[in-house]
Each structure stands twice: as structure tokens, then as C-alpha cells.
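Step one of this worksheet: look at the structure below.
Bear in mind these aren't lab numbers, they're just calculated from the coordinates by the rules spelled out. The model shown is predicted, which means the values in this text are computed figures rather than measured ones. Heads up, the Cβs are rebuilt from the backbone with ideal geometry, glycines too, and the neighbour counts pull from every protein chain shown.
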Amino acid sequence: MKYSKKVGIKDFGLYIPPFRVNVDSLAKHLGASDQDIDKLRQLIGNHREFSTADSTYMDSVVLGLNAVSSLDNFGDIGLILSGTESAPDKSKPTMALVIQDEFDLNKDAQVLQNSAACCVGANMLLSGINYSSLTFNNTLIAIADIARYDPQLKNAYKKIVTQGSGGAAFVIGENPIIEFCKPGLEGSYSKLAKDFWVPDGAKYPEVDGLMSCFCYDLGVIGAVQDHFRKLDDLEGQKSVKKRLEEYDLVVIHVPFVNQAREAFGLLYHSAGFGELEYAVENELENKKQVFEIINKSKTNLFDQVCGSWQQVPKKIGNSYSVSLPASLIYALQQQDKAPLEALLVFFGSGMQSIAISAKVHQEALQRAKQINIDLNDKTMISPGQYLKNLRLETSFGMQGKFKKTKVQRGYPEYEKI
């Protein structure tokens, strides 16, 4: 049996800020021509909005607090893990410490924070499972991010497609409603790549668009193939196609849906790995060959196993580490029968990827339906408001249960609304 019934996800929560920015309007505001916008549409497909946080009252800590507030039951927490690559204070685990204080959790609980780009959710889940398996105490995980790029950069409009924001929370412990494969069976792929980085002393990250796309494809393929090789050793050899067809649900971290479709097609046809690896290592010298392979790697299976969550990146953009949890919870809301066999594929620029098989029980579907994810409940803000970080108090009632208040000595304070 490949699943560990001992510990897994006991509860989960989600918070998505209500503010949305229209991709086309912002692109035009940043200087994109109609031709530029048409190219964007071809690249990202039907992705027209992304969520953003009100920077006056919200930061990644607030998003994490609001996600944790949506949990039903913590139980006995022995470890608090927070994950973000947009922390307001990178010198300590601020989010975990604030959550511990605001929810009056055990003062003898360990607190840790991880900043691995986008892949932090997988890192936290695996760490929490290992801890709870050994101690039988619950682990509380909070992950949150606000993705923004410098609007003053040349061709800044090209980067708006991977912006978004949100927070997610999990409780790991015994009697899980979502089980994971046994420790050691998860697949991984990591490689130093200069596709995404925050320059020394800079406020905003940089991204090499084409390199990032190639890294994404390579990471998804590499992690899933590694996972499947380990399952082959346990269960007997099967083709990649056969294994993919056995899942009821596949959820992949996405910057935008078309990119996930491309990586899934390459994986399904077991194509492109060597060419992609060479391109990443050699500054994209063979990009023409990669594009030729990509154009031939199409499959209808993607919409069958990934169709239930595609509205999330289309409506809220790429919320970095929260992308996969938001898509997973939304997908579970669309399901009626369990158990479900699911494959979760986390990707982090830079580059690291993790693939994990999961078994989803009926209680998880019921829990997901209790969480309000109304993608149409939103306040549209103008490009000018977004770029100037104007206060958005008029819709503050939609923003959750916590907010950022005054800043003392450069250190933000938080309070319950």
C-alpha cells in the first residue's frame, strides 16, 4: 500500500483577497500595444484577472492569519510552520510567531519559516508529516504570498501574468481526511537555474520569461517521473501514460493554465526532458528543438483530470505558494464522490519540484464545500489604484478577520477586526 494512513491533512483553510486587477487593462496602462496584448492572450489563454492585496492593511502575515482563521479545529499543536517568499520581515518566522500569539497556541510549540519559491507548500507538508508521525502532535501550516513585479521595468506588462495573492492553512495530524504516499515515495527534481531571482538589495524580483517556462516544464516532468519510478519499484512497472490515467485528479502549481497544459502534454508523451535540460544548462541554445517537441505534445487527458481547478488561476492569477492549495480546495468543491486518487505537483522557480500522490476521503469534499471560494465575489480596482497602492477602505468589510494596523519602529502590528 503506497499511502500512509498514520498522519496527513486533518483540516484546511483558504483566504483570497477580494481585489482584482484586469490583465488587459493593466497591460495597456503599462504601455502594451494591442498587438502585445494579443500575444499575451495567446500565451496565457483565458486568464483575465489576478487577485491583489490592499498594501495599506494587508501583507503576507495578514493573508496567513485570515487563512488560519478559517480552520475548524487545531488540536494540540506542537509545530507551527509558515511559508512565504514575500515576508515583511525576513530575519525571523514572523508569520508563525504572530499566528502563535493571535490564536493563543502553545508557547512551547516550535516555530519555523520557509521561503522556497512557490514550492514552500510541499516543503511544509512533508516537514509537518514527518514531525507529526514522530510526535503524534499536530502541525499547523500557514502559507501566504503577494506576487508583484516592478511596474517601471521595460516591458513590465509581460510579467503581470504571474501576479496574484492569497493565503492557505493546513492542520497535519492523525486520522487525516487527505492521506499522502508514504515518506520517501514522493518525487523531486531540483537544479540551480537563473530563471527567477531577487537582485541584491532590490524590492522586486526579476524573471527570465522563456527560461522560466522551460524550467517549469523540466521541473514538472522531472518530479513526476521520479515519483513514478519509486512507485514502479513498489507496485511494478507501468508507463507514464498508464499511471497518469489512473488518477481521478491532477493538480499542478501554475503560473497560468496554458503552461501547465504544455508540461502535462510533454509528461504524458514522455518527451522533451533531455532537450529541456540541455536548454536550461546551455542558455537555451536548442530552444527551436524544444518548441518543435512542445507543438507535438498534446493530450485531451489534461482537461479530464485538471479541468476542475482551471478557473482558479484564470480568476486570481498566480499566488505563488498558494497557487496549488487554492486550486486543490476549489477542485474538491467540484467533486461528489470519494475516495479520489490525486496527484499534486508543486513547482518552485530556481528550481525545485515535488510530486506527491494523495488519497482524498469524503470528509475532505465536505470540508471543502464549507469554504467560501466565490471567484466572482470581488472588487475590481483600476491599474492606477493598483500601481499607486491606494487605500481601499471602501471594501474593507470583505477582507477577512485580521488586518495590519500601525507600524512601530518599522515593525507592523496586527489586530482582529
### Task
Just name one of L210, Q310, Q366: the one whose Cα is farthest towards the positive end of the charge dipole of the chain (beta-carbon charges, Lys/Arg +1, Asp/Glu -1).
Q310
### Task
Pull out a ≥ b ≥ c, the square roots of the eigenvalues of the alpha-carbon gyration tensor of the chain, then state rounded if a/c is under 1.5, prolate if not and a/b is larger than b/c, and oblate in the remaining case.
oblate
### Task
Enter the Cα centre distance for the pair the stretch 91-134 and the stretch 347-379, rounded to the nearest angstrom.
19
### Task
Just rank L231, L153, fewest to most, by other beta-carbon atoms within 10 angstrom.
L153, L231
### Query
What distance in nm separates the simple spin-label points at K296 and D150, each placed 7 Å from Cα in the Cβ direction?
4.1
### Query
Lys/Arg Cβ at +1, Asp/Glu Cβ at -1, dipole of the stretch 3-411 taken about the Cα centre: which of F273, H253, G166 is farthest positive-ward?
G166
### Task
Rounded to the nearest 500, what is the 222 nm mean residue ellipticity of the chain from helices alone, with -39500 (n - 2.57) per DSSP H run of 4+ residues and division by all residues?
-11000 deg cm²/dmol
### Message
Using alpha carbons only, how many angstrom separate the centre of the stretch 201-253 from the centre of the stretch 267-312?
### Response
10
### Task
Output the antiparallel fraction of DSSP beta bridges having both residues in the chain, as a percent to the nearest 5.
75
### Query
Order of D233, D217, D11 from fewest to most other C-beta atoms within 10 Å?
D233, D11, D217
### Task
Give the relative contact order (percent, whole number) for the stretch 170-329; include only Cα pairs under 8 Å separated by 6+ residues.
23
#### Entry: Out-of-range pairs (alpha-carbon distance over 30 Å; input K10/K416; K154/K401; K242/K296; K6/K298; K182/K296; K314/K369)
K154/K401; K6/K298; K182/K296
### Message
Which of the three applies to the stretch 103-243, rounded, prolate or oblate, going by the alpha-carbon gyration tensor with a ≥ b ≥ c and a/c under 1.5 meaning rounded?
### Response
oblate
### Task
Can you pull the one-decimal nm distance between simple spin-label points at D232 and S91, each 7 Å off the Cα toward Cβ?
5.1
### Message
Run the simple label-point estimate for K194 and L210 please: 7 Å along Cα→C-beta, distance reported in nm.
### Response
1.6
### Summary
Placing +1 on each Lys and Arg Cβ and -1 on each Asp and Glu Cβ in the chain, then taking the dipole about the Cα centre, the residue among C119, Q385, G78 whose Cα reaches farthest towards the positive end is Q385
### Message
How charged is the neighbourhood of G75? Take every other residue with its Cβ under 13 Å from the Cβ of G75, and add Lys/Arg as +1 and Asp/Glu as -1.
### Response
-3
### S239/S33 FRET efficiency (R0 41 Å; Cβ-Cβ; nearest 0.05)
0.35
### Message
Let me spell out the model: positive unit charges on the Cβ of Lys and Arg, negative unit charges on the Cβ of Asp and Glu, origin at the Cα centre of the stretch 3-411. What dipole size does that give, in debye rounded to 20?
### Response
620
### Query
Which whole-Hz couplings ³J(HN,Hα) result when phi for each residue of the stretch 22-35 is put into the Karplus expression 6.51 cos²θ - 1.76 cosθ + 1.60, θ = phi - 60°, listed in order with x for Gly and Pro?
6, 4, 4, 5, 5, 4, 5, 4, 8, x, 6, 7, 4, 5
### Message
Within 10 Å, at most 12 other Cβ atoms, and a DSSP state outside H, G, I, E, B define an exposed site. Report the longest part of the chain free of exposed trypsin sites (Lys or Arg not before Pro).
### Response
204-336
## Note on the structure
Ordered by fewest other Cβ atoms within 10 Å, a rough proxy for footprinting exposure, S323, S86, S239 read S239, S86, S323
### Query
If you take all C-alpha pairs in the stretch 1-123, what percent of them are over 26 Å apart?
40
## Note on the structure
Note to self: C-alpha centroids of the stretch 1-64 and the stretch 66-84 sit apart, in Å, by 22
### Message
Please list, ordered by chain and number, the residues whose modelled amide H lies under 5 Å from the amide H of N114; skip anything fewer than 5 residues away on the same chain.
### Response
S82, G83, T84
